[in-house]
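Taking it in order: structure first as structure tokens, then the write-up.
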Amino acid sequence: MLRRNFVKSSLGLAGAALVAGEACASSTSSMAKNKFKLKYASHFGMFQNSAGKDVIDQLKFMADQGFIALEDNGMMGRPVEEQEKIAKEMTRLGMEMGVFVVDKGGNGANTLAAGKKEYIDIFLNGCKKAVETAKRVNAKWMTVVPGDFERKLPIGVQTGHVIDALRRGAEILEPHGLVMVLEPLSDTPNLFLRTSDQTYEICRGVNSKSCKILYDIYHMQKNEGRIIYNIDATWSEIDYFQIGDEPGRNEPTTGEINYKNIFKYIHDRSKKENKSFIMGMEHGNSQKGKEGEDALIKAYVESDNFAI
């Protein structure tokens, strides 16, 4: 993961400050109410009834509960000053930054399957801007969605167009150690990217460590099912997970997905292979108010409680 250069080698006081900061982060982590086995990343708004609307107060609450990562889809749209403020507090708390969405902007910015220069240029410009955001907030991953089908073209031609565009995006990100994670979605059948095997094929075609799969368990339960089987089949290209139960897209234990088994599979295999994933909590709360936030935390404690 990229880290901002907080320490100047010529300044002993800055080095001492870094040591103090690390000690503070370690202390914060050790005092967390829950010791989760996986790195769950909550998002702003998820605990605002408990922590208030201020984003810094929300970060403190997340860390206190044991959620040691954050994802923020709209991070690129935040003012620079706010991005830096969030990053500073996350460093103090010892939290990791998960995904943010590459904000490409413009009409037609997502239709990479069309192969049109103007769409590709918008995408590449978004990648360049994402690099700057990633540096400010100590991020490694960013979400990319190719967009809709171009129904006038054969699927193979569309796939080729998407691969070509993503290769160029990877060329921008790779020198900085950044990774765009492609997310197959279930929101509408018009979307080009729909399944994990299709995403695996595209990542293999791009052939870059900067282009991997975001496996959103909620979307994949809707589109393909057989979650553990498909995670296993596409494992080598997965770099990030997101969570949400089905139906409802709320916290684990509220729907049909057996998250305890899925979390155990990811944890056990990751441990064997010395890998680590951030697990993005990209879902709503099934209940309103502070009681709903308490129930959400309880659901994660229950789902994370698997035998090692």
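Filtered by the rule that a residue be among the basic types (Lys, Arg) and within 27 Å of Val131 (Cβ to Cβ), segment 42-78 gives a lone residue, Arg78. So, of the residues in segment 252-287 that are within 19 Å of Ile213 (Cα to Cα) and among the basic types (Lys, Arg), which turns out to be surrounded by the fewest Cβ atoms within 10 Å (Cβ to Cβ)? Among those that are within 19 Å of Ile213 (Cα to Cα) and among the basic types (Lys, Arg), it is Lys275.
Residue count for segment 58-86, restricted to those that are of a type in the set (Gly, Ala, Ser) and under 25 Å from Lys35 (Cβ atoms): 3.
Applying the criterion of being aliphatic (A, V, I, L, M) and within 12 Å of Met90 (Cβ to Cβ) to the residues of segment 42-59, the residue that is surrounded by the fewest Cβ atoms within 10 Å (Cβ to Cβ) is Ile56.
Looking at segment 269-308, which of the residues that are in a helix (DSSP H, G or I), of a type in the set (A, V, I, L, M, F, W, C) and over 14 Å from Met62 (Cα atoms) is nearest to the chain's Cα centre (by Cα)? Write out each step before concluding.
Looking only at segment 269-308, we keep the residues that are in a helix (DSSP H, G or I), and these are 269-273, 289-303.
Checking which are of a type in the set (A, V, I, L, M, F, W, C) leaves us with 295-297, 299, 301.
Imposing the further condition that a residue be over 14 Å from Met62 (Cα atoms) reduces the set to 295, 299.
On the way: Ala295: 23, Ala299: 20 Å.
Result: Ala299.
Checked against the criteria, Val137 counts as out of contact with any Lys or Arg (no Cβ under 6 Å at 6 or more places or on another chain) and aliphatic (A, V, I, L, M).
If you take the residues in segment 149-192 that are among the polar types (S, T, N, Q) and over 18 Å from the mean Cα position of the chain (by Cα), which one is surrounded by the most Cβ atoms within 10 Å (Cβ to Cβ)?
Going residue by residue through segment 149-192, those that are among the polar types (S, T, N, Q) are 158-159, 186, 188, 190.
From what is left, the residues that are over 18 Å from the mean Cα position of the chain (by Cα) are 158-159, 188, 190.
Details: Gln158: 22, Thr159: 19, Thr188: 8, Asn190: 10.
Among those that are among the polar types (S, T, N, Q) and over 18 Å from the mean Cα position of the chain (by Cα), it is Gln158.
Test Gly248 against the stated conditions and say whether it is among the small types (Gly, Ala, Ser), closer than 28 Å to Ser50 by Cβ and in a helix (DSSP H, G or I). So Gly248 does not fit the description; no. Restricted to segment 71-178, the set of helices (runs of 4 or more DSSP H) holding at least 2 residues that are in contact with a strand residue (DSSP E or B) (Cβ under 7 Å, 6 or more places away or on another chain), touching a residue at least 12 places away in the same chain (Cβ under 8 Å) and under 25 Å from Glu282 (Cα atoms) comprises 117-137, 155-173. As a summary of the residue check, Tyr119 satisfies the conditions (1) surrounded by fewer than 23 Cβ atoms within 10 Å (Cβ to Cβ); (2) closer than 30 Å to Glu82 by Cα; (3) of a type in the set (Phe, Trp, Tyr) except for the one numbered (1).
Please specify each residue of segment 193-211 satisfying the condition of being under 21 Å from Asn125 (Cα atoms), buried (at least 22 other Cβ atoms within 10 Å of the Cβ) and either free of Cβ contacts under 8 Å to residues at least 12 places away in the same chain or small (Gly, Ala, Ser) (or both). Across segment 193-211, the qualifying residue is only Ser210. Residue check: is Asp187 more than 21 Å from Ala139 (Cα to Cα), in a helix (DSSP H, G or I) and either charged (D, E, K, R) or in contact with a strand residue (DSSP E or B) (Cβ under 8 Å, 6 or more places away or on another chain) (or both)? No: the conditions fail for Asp187.
Screening Ala109 on (1) of a type in the set (Gly, Ala, Ser); (2) crowded, with 19+ Cβ neighbours inside 10 Å; (3) modelled with pLDDT of 95 or more; (4) over 19 Å from Lys60 (Cα atoms) shows it passes everything except condition (3).
The values are calculated or read from the model by the stated rules, or taken from the named source; none is laboratory data. All of these numbers come straight from a predicted model, not from anything done at the bench. Positions of Cβ are generated from backbone atoms using ideal geometry, with glycine treated the same way; all protein chains shown enter the neighbour counts.
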